[in-house]
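J.: The structure that follows is given in the form of structure tokens.
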Amino acid sequence: MATLIKDKFEAWEKETRIRFEQLKANEEKLNKIFIELYGLQDELDYHVDDKEVSVSLADRERDIKSLISYAVGCMFGRYSLDEEGLIFAGGKFDMSRYQKFKPDKDNILLITDDEYFQDDESDIVLKFIDFITVVYGKETLEENLDYIADVLPGSGTSREKIRKYFVTKFYKEHLATYKKRPIYWQFDSGKDVGVRGLFYLHRYDKNLLGNLRTVYLDKLKQAYNSRIELRESQKLATTNAGDVARYNKEISNLNKKLKELRNFDEKVGHLALKKIELDLDDGVIVNYDKLQRDPDTGEKFMILTKGIQEPKEKK
């Protein structure tokens, strides 16, 4: 049955307001009892300021972003639509626990600035749209995407705003939420966004980098080259100066992405051969550095987004 996120949020908003007012009234009642008990009516006020109430009211932007984060958790299998609570945080991954919505089988989701893979679930935005469709229904999809996008920064269609949020904001906010100890790690080739993508730390294995290179990076190179060929042919077919300028700009940006992607590919290729093992007991700081460092030479190859402090040198 199709559902509107708007309706769900408004019901949640009412529930939190009732809970908030009840808790505030209880706290004020207790204050009044103690004030009267000790005869402090002339010195203390029993009223409680809203900001001091220990339960939060609904907040649309915060709660929509929490929904996006939860969706990412379902995409990686941290959560499941079939069971409550945390489903996977280490051990043996069991795909049978996910029936309504399947997590990504390879533990790799690409974050691209445009839709280069039509109907390909390795694109995080397409996977997110699939999640919203499964949870809330196909009939309300567009209205739900609009409602989500309305609280996100920028302009454009709902899909464009959601994509931009994943490209520019999601990981920064994830780092802040987890106090720079993220559970999802972001591959990052650099400022031209040749490639960005997420994987779930608790599902990492030593073959992930090799898979990233041979499947995902190769597919992305092909997508960029196909888009360049398309724009070149469109440029030749038009006499409109504005269109020509637009095509040239996109071709130039795509070539920058390709160059950056090739450099990133070399770094990933070097590290993939090392089949680096991580030990979750060592913590994020140690492992974030370990995954980017040649275990034999100590040379560091930056393949993850900056923002995690360097581990302290052993004395």
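J.: Check the range 274-291 and report whether any residue there is acidic (Asp, Glu) and in a loop (DSSP other than H, G, I, E, B).
T.: yes
J.: Right, next: Looking at Asn255, Asn211, Asn225, can you tell me which residue is in the same structural domain as Leu175 (by TED's automatic domain parsing), surrounded by fewer than 17 Cβ atoms within 10 Å (Cβ to Cβ) and within 26 Å of Lys172 (Cα to Cα)?
T.: Result of the check over Asn255, Asn211, Asn225: Asn211.
J.: Same structure, new question: How many residues are part of a loop (DSSP other than H, G, I, E, B), among the polar types (S, T, N, Q) and either touching a Cys at 6+ places or on another chain (Cβ under 8 Å) or surrounded by 13 or more Cβ atoms within 10 Å (Cβ to Cβ) (or both) if we restrict to the range 149-191? Spell out how you get there, then give the answer.
T.: At the first step, the residues of the range 149-191 found to be part of a loop (DSSP other than H, G, I, E, B) are 150-157, 169, 178-183, 189-191.
Okay, now just the ones that are also among the polar types (S, T, N, Q), so 155, 157, 189.
Retained after the next criterion (residues that are either touching a Cys at 6+ places or on another chain (Cβ under 8 Å) or surrounded by 13 or more Cβ atoms within 10 Å (Cβ to Cβ) (or both)): 189.
Looking only at that region, the number is 1.
J.: Restricting the search to the range 193-225, which residues are of a type in the set (Ser, Thr, Tyr), touching a residue at least 40 places away in the same chain (Cβ under 8 Å) and more than 21 Å from Lys306 (Cα to Cα)?
T.: Scanning the range 193-225 gives Tyr216, Tyr224.
J.: Just the residues that are of a type outside the set (D, E, K, R), at pLDDT 95 or above and surrounded by 16 or more Cβ atoms within 10 Å (Cβ to Cβ), please, taken from the range 113-134.
T.: Listed by number, the residues that qualify are Ile124, Val125, Leu126, Phe128, Ile129, Phe131, Ile132, Thr133.
J.: Next question, about the same structure. From Gly85, Gly39, which residue is among the small types (Gly, Ala, Ser), assigned by TED's automatic domain parsing to the domain that holds Leu145 and at positive phi?
T.: Gly85
J.: If I filter the range 95-104 for residues that are touching a residue at least 12 places away in the same chain (Cβ under 8 Å), of a type outside the set (Lys, Arg), part of a helix (DSSP H, G or I) and surrounded by 16 or more Cβ atoms within 10 Å (Cβ to Cβ), do I get at least one hit?
T.: no
J.: Cys74 passes all but one of (1) in a helix (DSSP H, G or I); (2) at pLDDT below 70; which number fails?
T.: (2) is the only condition that Cys74 fails.
J.: Can you find even one residue in the range 135-148 that is in a loop (DSSP other than H, G, I, E, B), modelled with pLDDT under 95 and not basic (Lys, Arg)?
T.: No, the range 135-148 contains no residue that is in a loop (DSSP other than H, G, I, E, B), modelled with pLDDT under 95 and not basic (Lys, Arg).
J.: Same structure again: Take Asp82 and tell me if it is within 27 Å of Ser226 (Cβ to Cβ) and in contact (Cβ under 8 Å) with a residue 12 or more places away in the chain. Before the answer, list the steps.
T.: On the way: within 27 Å of Ser226 (Cβ to Cβ): no; in contact (Cβ under 8 Å) with a residue 12 or more places away in the chain: yes.
Taking the combined requirement at face value, the residue does not satisfy it.
J.: Here is a further query. Given (1) in contact with a His (Cβ under 9 Å, 6 or more places away or on another chain); (2) closer than 24 Å to Ala2 by Cα, identify the lone condition not met by Ile183.
T.: (2)
J.: Hey, any hits in the range 125-132 for a residue that's free of Cβ contacts under 8 Å to residues at least 60 places away in the same chain, closer than 22 Å to Lys219 by Cβ, assigned to a loop (DSSP other than H, G, I, E, B) and not aliphatic (A, V, I, L, M)?
T.: no
J.: Look through Ala272, Ala241 and report the one residue that is surrounded by fewer than 17 Cβ atoms within 10 Å (Cβ to Cβ) and of a type in the set (A, V, I, L, M).
T.: After ruling out the rest, the residue left standing is Ala241.
J.: Looking at (1) out of contact with any helix residue (DSSP H, G or I) (no Cβ under 9 Å at 6 or more places or on another chain); (2) touching a residue at least 12 places away in the same chain (Cβ under 8 Å); (3) within 27 Å of Leu280 (Cα to Cα), find the lone condition where Lys164 falls short.
T.: Among (1) out of contact with any helix residue (DSSP H, G or I) (no Cβ under 9 Å at 6 or more places or on another chain); (2) touching a residue at least 12 places away in the same chain (Cβ under 8 Å); (3) within 27 Å of Leu280 (Cα to Cα), Lys164 violates only (3).
The values are calculated or read from the model by the stated rules, or taken from the named source; none is laboratory data. Quantities reported herein were computed from a predicted structural model and do not represent experimental measurements. We place every Cβ from the backbone using ideal geometry, glycine too, and count neighbours over all the protein chains shown.
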